[in-house]
Amino acid sequence: MAEPVLKISGVAKSYGANQVLKDINLEVGAQEIVGLLGPNGCGKSTLLNLSSGFARADAGSIIFGGHDITAWGVERIAQAGLVRTFQLPSMPHRMTVAEVLRAADSRGVQFKTMFAPDRSSMQEVDALLEGLSLSHVRNLPAGSLSGGQKKLLSIALALRTNPKLICLDEPTAGVHPNLRHSMVQLLRRVSERGIALLIVEHDMHFIRELCSRCVVLDRGEVIANCVPASLTSNERVVEAYLGSARDKGAIA
Amino acid sequence: MFDFLIHVLIMCCLYSMLALSLNLQVGFGGLMNFGQIALFGCGAYGAALAYKYDLGFASGILIAVGLSAFVSWAFAGIGRNLQSDYWGIATLALAEVVRIIVTNEGWLTGGAQGISGIKPLLPELSGRSQQLGNLAICGAVLLVALLACMRLTRSRYGLGLKLMREEPQLAQSVGYDIMSLKRGCMIFSGFIAAAAGFIFAHYITFVGPDQMFSSETFLIWAMIVIGGLGNHFGAVFGAFLLQFIFAFIPFVKDMLGLPTEFVAAMRLVLIGGGLIGFILWRRTGLFPEKVGGRADG
């Protein structure tokens, strides 16, 4: 196998006495689409936070694109090509959708380029909006978009940074089924551009449609790492999601 | 009357620079700076120290630039993880620290007596022509500051500032270094405020710690809140409006035959009342920020 774009080895994280992640190992290959599943509170979002720099791992290492990013800050990781989206994306109210997209390309924005005219390609921004069927909201305040549109926009923002890997936090939660379908298509197109995807998701259908492999977490541990089709036959996964037969008996 | 009008216009230009500078921080960068007057003081004392130690005009500019860059850098760095409102409190405290240092280090700054007799900007001129010359200088510097601010907020840097203002986490997640944006915004706007202080010192020919009271900061805040946060023209308009009203309060007092205390009291009422009124009923100010478009936003 070629060198993975993201390699998480032996990562652990606790919040006080609560150990959220224990010795996690996970790899995402270049151009691969990996689903990250697990019941609520199993540590998926924490793992995303550690990878994107929003939190620090207590132990283990995270290698991205050949660099050890374990101790890097959010912006440095983003500049290196690992961007994340948020489960409930919040967008500015006093900037238009087009402005936010122009702003999203932060490369080369420094003190010395303070007065350099904005050379972001409007064609690129327009093409991106067109591809997401968001052209009609181009000049609206970004904060006024619906939840689903904000999710699409946050993927567009991630694309503007020229990423190697995008980590998506529940891209279909609260999204209309029609939009969900276009989300699958969009993410396929993203993947075809050579960008790897790590998707935290609860929707099994979505995972099956899109992912080539999925990793299941439960109580801070990896309990499965397989193709989506074999998930339902994996006892530990079924147990994690539905409870064990004995539990069911107890409920009955 | 004509000379008085010129004086009012000069003060309008100087306060406009302070308002532009604060508006860049608050209106565009979301940086709630309550210590703006300390940056003005850096410029004023730059001029005063150069005069006191006979270093010449150019060294005065260098001292002003150095002091304001240092204080702005300290403002940006202080409590780097604080939320905007707590950061605002820290800036207020820092500005007071600067004022108290200036008051107490008499050997350097002249203490509470300040430094007087600073050379005017155009010593070869006198009387009305000197005043007109001063106005021309103030107007020109204001224009340069305004154009620079407009250019900055239209650049990618300006877009980054706006993104940081409303969604700092989002800005970070697409690769913006929040600390460096903050620092850049503070240092650049610090230069504009220091320029106003520098010219003020040469114009009034006196610099003292009394010019650095925090009430001055709130006056500048009132100007940008009334003019319109996030709109450069709004900031300039707010500064002109309040300066003109203040200048003509004494005439109103005379007309109505009110006591002298009325003037100072009325100024305070206008600042406080204006701030409260606009925050309650017209948060966008007289000239609201333009979202999108190519205007001054």
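Computed from the coordinates by the stated procedures, all read-outs in this text should not be read as laboratory data. This one's a predicted model, so the numbers in the text were calculated from it and none came from an experiment. Don't worry about glycine lacking a Cβ; one is built from the backbone with ideal geometry, like all the others, and counts go over all protein chains shown.
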The number of residues in region A:58-105 that are in a loop (DSSP other than H, G, I, E, B) and under 19 Å from the mean Cα position of the chain (by Cα) is 14
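Residue-wise test of (1) closer than 30 Å to A:Gly243 by Cα; (2) among the hydroxyl-bearing types (Ser, Thr, Tyr); (3) surrounded by fewer than 19 Cβ atoms within 10 Å (Cβ to Cβ).
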position	(1), (2), (3)
A:Ile24	yes, no, no
A:Asn40	yes, no, yes
A:Gly43	yes, no, no
A:Leu48	yes, no, no
A:Gly53	no, no, no
A:Ala57	yes, no, no
A:Gln79	no, no, no
A:His93	no, no, yes
A:Ser106	no, yes, no
Have a look at B:Ala44, B:Ala19 and point out the one that is more than 28 Å from B:Pro288 (Cα to Cα) and among the aliphatic types (A, V, I, L, M).
B:Ala44
The correct count of residues that are over 17 Å from A:Gly29 (Cβ atoms) and either away from every other protein chain (no Cβ under 11 Å) or in contact with a Ser or Thr (Cβ under 7 Å, 6 or more places away or on another chain) (or both) in region A:162-173 is 5
Given the structure, is A:Glu124 acidic (Asp, Glu) and more than 12 Å from chain B (Cβ to nearest Cβ)?
yes
Could you check how many residues of region A:137-146 are part of a helix (DSSP H, G or I) and in contact with a strand residue (DSSP E or B) (Cβ under 8 Å, 6 or more places away or on another chain)?
1
Are any residues in region B:174-212 among the aromatic types (Phe, Trp, Tyr) and either more than 8 Å from chain A (Cβ to nearest Cβ) or part of a helix (DSSP H, G or I) (or both), and if so, which ones?
B:Phe188, B:Phe191, B:Phe198, B:Phe200, B:Tyr203, B:Phe206
Before we move on, is B:Ala171 crowded, with 24+ Cβ neighbours inside 10 Å, more than 10 Å from chain A (Cβ to nearest Cβ) and either of a type in the set (A, V, I, L, M, F, W, C) or in contact with a Pro (Cβ under 6 Å, 6 or more places away or on another chain) (or both)?
no
Considering residues of region A:74-87 that are without any contact (Cβ under 8 Å) to a residue 60 or more places away in the chain and in contact with a helix residue (DSSP H, G or I) (Cβ under 8 Å, 6 or more places away or on another chain) only, the residue farthest from the other protein chains (Cβ to nearest Cβ)
A:Ile77
Which one of these is among the polar types (S, T, N, Q), part of a helix (DSSP H, G or I) and buried (at least 20 other Cβ atoms within 10 Å of the Cβ): A:Gln149, A:Gln123?
A:Gln149
